[in-house]
1. Lys458: which lysines have alpha carbons under 30 Å from its alpha carbon, excluding same-chain residues fewer than 8 sequence positions away?
2. With the other protein chains left in place, how much accessible area per residue, in square angstrom, belongs to region 161-274 at a 1.4 angstrom probe?
3. Would you work out what percent of the accessible area of the chain, with all protein chains in place, is carbon or sulfur (probe 1.4 Å)?
4. Leu300 to Leu64: extension gain in nm, 0.36 nm per residue of separation minus the Cα-Cα distance?
5. Rounded to the nearest 0.05, what FRET efficiency is calculated for Val271 and Glu205 with R0 set to 25 Å and r the Cβ-Cβ distance?
6. In square angstrom, rounded to the nearest 10, how much accessible surface does His135 have for a 1.4 Å probe?
7. Determine ³J(HN,Hα), in whole Hz, for all residues of region 360-372 in sequence, where each value follows from phi through the Karplus function 6.51 cos²θ - 1.76 cosθ + 1.60 and θ = phi - 60°; x replaces Gly and Pro.
8. Roughly how many nanometres apart are two label points built 7 Å out from the Cα toward the Cβ at Ala121 and Leu400?
Amino acid sequence: GIASEDFDDWVSARSGDEHAAFFSGGFADALAVAAKPDAAGGCTGGRGLVLAWLHQNDDAVTQLLCSKVWPHPPLVRELRSRFIPWAGDVCRFEAGTLAKALGLQEFPALLVLQTLPRGAADAIEWPRGCFFRVHWLRCGRVDERELVRELSQLGGQLDAERDQRAAWRQQLQQMQEMNSAFARAMGDTQLRAQRQAAEMEALREAEAEERPCFAVLYESRYGHEPPNCFEGSFEEALACARSEPRLLLVWLFDDGAESDSLSQAVLSGEVFGAFVAEYFVMWPGNAERWLVPKQLYQHLRLESLPTLLVLQPMSVFEAEILPWGDPRAVEFPANSAWALLGCWSGAPDEEAVVAFLSEHGERAAELERRREEARQRSREQAAAMRALRDEQDREFQESLARDLQLSSSAPAPPSGSGQPTQEGTAVAREREARELAASEAQRKSDELAARRRGVAEKLLAVEAPTVGLCKLVLRMPSGCRAERTFGAEEPLSVVYDWADCCGELHGFQGGEPFEVPERFTLATTYPRSLLTDRERSLRDLQLVPNAVLAVVADDD
């Protein structure tokens, strides 16, 4: 038999033309070289394709292979680009054993093999440790054009599958890189969040420790007492300033030289103290060491310290969206609202600071005076309206009494005169109808007022909830407002009970009573929606933590 390494010379002697070179080693070596990428010594791009020729006799079919098939130029190009050609004589051990393993009995036989990894499905193992699959098999005579077409189609199909696998591997690698980048980003974010939480906790602890003894620390540092400052939290300072009512003066400082100079040259002066006592509630804060002052400094995007801020305390409901909300209002911290009226920072100058305080303090005092005058006018108008209503009621009762007296003292009509009797009867009936209607209206009004007073007295005795809060504001058709805090799980019917008697309740609490429609429906203001299911809780109705409701009078 012919050895595999001699087939090149054997074919050249019979064809005389150029042909693809056959692999000059064993079958296992041919499979190994076919599986290698070109960079590792392969020559097929790592496709793992082998064209095996199993030879037996030097007959006419073999002569045709040597003279027409193997020298065919398209076949030569295809074999050089994608395949490892290998030839073996079945009369020798290696090729004969391969033919027996594949069950071949007719020769010559051409096979296209592809190497496979260990454990692949449908893999043939021969020799031991070598795995391959038979893609194409032809025994006997082969046409060179048909062989080129089969090899080209098979090579193109395998190349497409290989490219698809490469694309999948690239996508998988990209996904793995994205997952790694996301994990790193999440880790960095979590680390930053932990670091920020630790910094916030350190600032909170420092504020909780140093604020109660601020006066002692100030006196030990500067040698004199600090200005009159509010000792509680920022929320408590806002509530105190709003209840007095006064402006809140926030003093943000640090441990630098300019803060020391402001404290010694300005804040310790009698003029500064007099202005603070007259117009402001003063709240100090170290914007470097304390949590809330630092948050204020960052929230307002301030650029230097020390800084004096003039804040107007507000209700959280004044921070609602337009058109009824105040566009200047800021809600910070939660459930606390204020508006920034002015900001001073710069070199410590007592005259500039006093002018700054005087401008805002006198302006606030003038606004408060005007508001008080408006409230006084409203009270006087309400009193005048009540007096006018009482006078009208008194005149009506006097007129009704005179009509009754005239009716009882009028002489009886003469007998036989039918027409005057009918007219008198009609007048009497009309008068009686008016009396009954007035009496019925007065009775219903008294019953409604009595019922509302009773409910208002019960609500006065109810303690405000402390957890799960829902703050509601009612807007009446007349423009009046009322506020109350409920539990988030309370039903809407409780709000209706309060809305029905909130006019009397406002009077019991020292304010001016106002009119509430006898029949009404509550509605959200934005978006507009009527609230009719009184059994649902305030949380289910999405009114938590706060909301503004309108009282819509029902048409008779």
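1. Within the straight-line cut-off, Lys458 pairs with Lys444, Lys471.
2. I get 65 Å² per residue for this part.
3. Roughly 50 percent, rounded to a whole number.
4. 75.6 nm
5. About 0.10, to the nearest 0.05.
6. Number for this one is 70 Å².
7. Once rounded to whole Hz, the list reads 6, x, 5, 5, 5, 5, 5, 5, 5, 4, 5, 5, 5.
8. Label-label distance for Ala121 and Leu400, simple model: 9.9 nm.
The values are calculated or read from the model by the stated rules, or taken from the named source; none is laboratory data. No experiment lies behind these values; they were computed from the predicted model shown. Neighbour counts run over all protein chains shown; Cβ positions are idealised from the backbone, glycine included. Protein only, heavy atoms only, side chains kept; ligands, DNA and RNA dropped before computing areas. Shrake-Rupley method; radii C 1.70, N 1.55, O 1.52, S 1.80 Å.
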